[in-house]
Amino acid sequence: MIEEIISHITAHENITFGEVAAAFGILLCISVFLDRKNNLRSFRIMCIVTVLSDIVDLVATYVSFTINPALPQAHFVVILLNTLNYCGFGCIAFTLFKYLRSYMRPTAGLHRANEAMNGIFVLYLVLHAVNLFHPYIIDFDFHKKQFIRTPFSFIIGYGIPLLLVTLTLIMMVLHNREYTKRQQTTLTVSYLIVLAGVLVQAFVNARVLIAHGTGVIAVFIEYFALESPDYRRMSELLKESQEAQQKIREAQRARDDLFAGMTHEIRTPLNAVIGIDQLVMMEDSDEVVQVLAGKIKKEGETVLSVVNRILNQAVEAAGSKKNGDFTSVPDLRGKSVLSVDDTPINLKIIEGLLGLSNATLVSVGSGQEALQKLMEQHFDIVLIDHQMPGMDGMTLMKKIKESDLRGDSIVIMITGNDGEEYRKMYKEAGFDGYVTKPVRKEDLYSVINSLLNGKESA
């Protein structure tokens, strides 16, 4: 019953539907070409192919049912027009693929897909060319005034175009990151509309013109949703905005890298000056030496304060580590400490600051040496410099974890970086705490004592 109703409606309204679709399609093509600077060439080609297919469909339908069969070559003319009509389905599907491909970045996989589609389309055209002389896809019975369709009508005439379109949409899904949500939704809706038209024409009434007409509707939807001047301009503005945001992010990363490098380069010599000064004050009790060392310490602290202010460092965060109970020399009797730094003077400073802790100290100058030492023996505390050539502190920590060399060792980062983002980064990397450069004994003792007493380092 439903099929009879659909057949009745489409049989009587098919010419009108096709004519209206062709008229609107021609207007669309004119509009697209007048504004061709704002739309893709592949889209213009798809518009032309779709509208021409609808026009051929109209002509083929009209001629097939009005031509005098007694005229010479009348049968060939009808077969030619209807073969071109069927070819239109495949041409639309093929140009849709080319249109969608224009949005994708060239890759080896896309190149292979393009070659496969080209091969299928060439085979499709050859099979239709054969139909001109041996009508095995579609024929026409002049006596009964109806089309004669074979299984090949569905397999070749409709099946291959639908296969091309389906493969095209699968390709779009696989490359979904290169399409906006709007593009994906629009193209999917267009596909469903054309699919409905093809199914009606294929299984309900071959005399209707709905398949090509729905193709024109789909192109209209794609034009107004994706290729109209307003949308294209909006897309360009959005793209420019995204590019500007990306440049801002890159500039921010460059700034952060610059600050990190500056921090390291400035704090490293400061570390040496203040560290040696601390050792002098610890080793020599002479009053004059203490006064001079005190001045050095004061001036060093002043320079450090200026550096922190220039680089927007939160000096207060470091100051918060100075908890009275945890700034005394840690008692590391019976414990072993591994110090890793590529700068010899920094190793000497750590050795001097922990000299009164009664720890067994081992110093190495690279990440690779540290790994070798960790494979040879267990260390209770491991102090790692962040920026080292070859293998930096973060990489060394990763290697330690991957090689299962950590055990229950306390691992502390010695770094020129400071601030919440670095604290979080070091914690996520697996460090128990960190001490900023220049290394001050109060900070080093506080972090070690906190960790030994089971408190998380700030």
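See the values below:
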| read-out | value |
| --- | --- |
| Some residue of region 417-434 being modelled with pLDDT of 90 or more, among the aliphatic types (A, V, I, L, M) and assigned to a helix (DSSP H, G or I) | yes |
| Yes/no for LEU164 being surrounded by 12 or more Cβ atoms within 10 Å (Cβ to Cβ) and either modelled with pLDDT under 85 or over 30 Å from LEU226 (Cα atoms) (or both) | no |
| Residue within region 79-102 that is on the phi > 0 side of the Ramachandran plot and either assigned to a helix (DSSP H, G or I) or open to solvent by 40 Å² or more (accessible area, probe 1.4 Å) (or both) present | no |
| Residue satisfying all of: in region 12-65; of a type in the set (Lys, Arg) and open to solvent by 40 Å² or more (accessible area, probe 1.4 Å); farthest from ASP139 (Cα to Cα) among these | LYS37 |
| Single residue of region 226-248 satisfying the filter (charged (D, E, K, R) and at pLDDT 75 or above) that is surrounded by the most Cβ atoms within 10 Å (Cβ to Cβ) | GLU227 |
| Options ILE55, ILE79, ILE48, ILE67: the member that is in contact with a strand residue (DSSP E or B) (Cβ under 9 Å, 6 or more places away or on another chain) and of a type in the set (A, V, I, L, M, F, W, C) | ILE79 |
| Those residues of region 113-147 which are part of a strand (DSSP E or B) and open to solvent by 70 Å² or more (accessible area, probe 1.4 Å), in sequence order | GLN146 |
| Cβ pairs under 9 Å, 6+ apart, first in region 267-293 and within 22 Å of VAL329 (Cβ to Cβ), second acidic (Asp, Glu) and open to solvent by less than 30 Å² (accessible area, probe 1.4 Å) | ALA293/ASP277 |
| Qualifying positions in region 167-204 - open to solvent by less than 50 Å² (accessible area, probe 1.4 Å) and of a type in the set (S, T, N, Q) | THR168, GLN183, THR186, SER190, GLN201 |
| Region 411-431, subset of a type in the set (A, V, I, L, M) and open to solvent by less than 30 Å² (accessible area, probe 1.4 Å), residue nearest to HIS378 (Cα to Cα) | VAL411 |
| Residue in region 364-383 that is open to solvent by less than 20 Å² (accessible area, probe 1.4 Å), assigned to a helix (DSSP H, G or I) and in contact (Cβ under 8 Å) with a residue 40 or more places away in the chain present | no |
| Qualifying residue in region 440-450 (condition: among the small types (Gly, Ala, Ser), under 16 Å from LEU354 (Cα atoms) and at pLDDT below 95) | yes |
| Any hit, region 211-225, residues being aliphatic (A, V, I, L, M), at pLDDT 70 or above and within 27 Å of the chain's Cα centre (by Cα) | yes |
| Tally, over region 282-292, of residues that are within 23 Å of PRO344 (Cα to Cα), modelled with pLDDT under 80 and in a helix (DSSP H, G or I) | 1 |
| Residue satisfying condition, being touching a helix residue (DSSP H, G or I) at 6+ places or on another chain (Cβ under 8 Å), among the hydrophobic types (A, V, I, L, M, F, W, C) and more than 26 Å from PHE224 (Cα to Cα), within set ALA74, ALA113, ALA93 | ALA113 |
| Evaluation of PRO106 against (1) surrounded by fewer than 23 Cβ atoms within 10 Å (Cβ to Cβ); (2) touching a helix residue (DSSP H, G or I) at 6+ places or on another chain (Cβ under 9 Å) (one fails), failing number | (2) |
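The values are calculated or read from the model by the stated rules, or taken from the named source; none is laboratory data. Keep in mind the model is a prediction, meaning the values are calculated, not measured. Glycine also receives a Cβ, built like all others from the backbone with ideal geometry; neighbour counts cover every protein chain displayed. Keep in mind that these areas ignore ligands, DNA and RNA; they rest on the heavy atoms of the full protein, side chains included. Shrake-Rupley method; radii C 1.70, N 1.55, O 1.52, S 1.80 Å.
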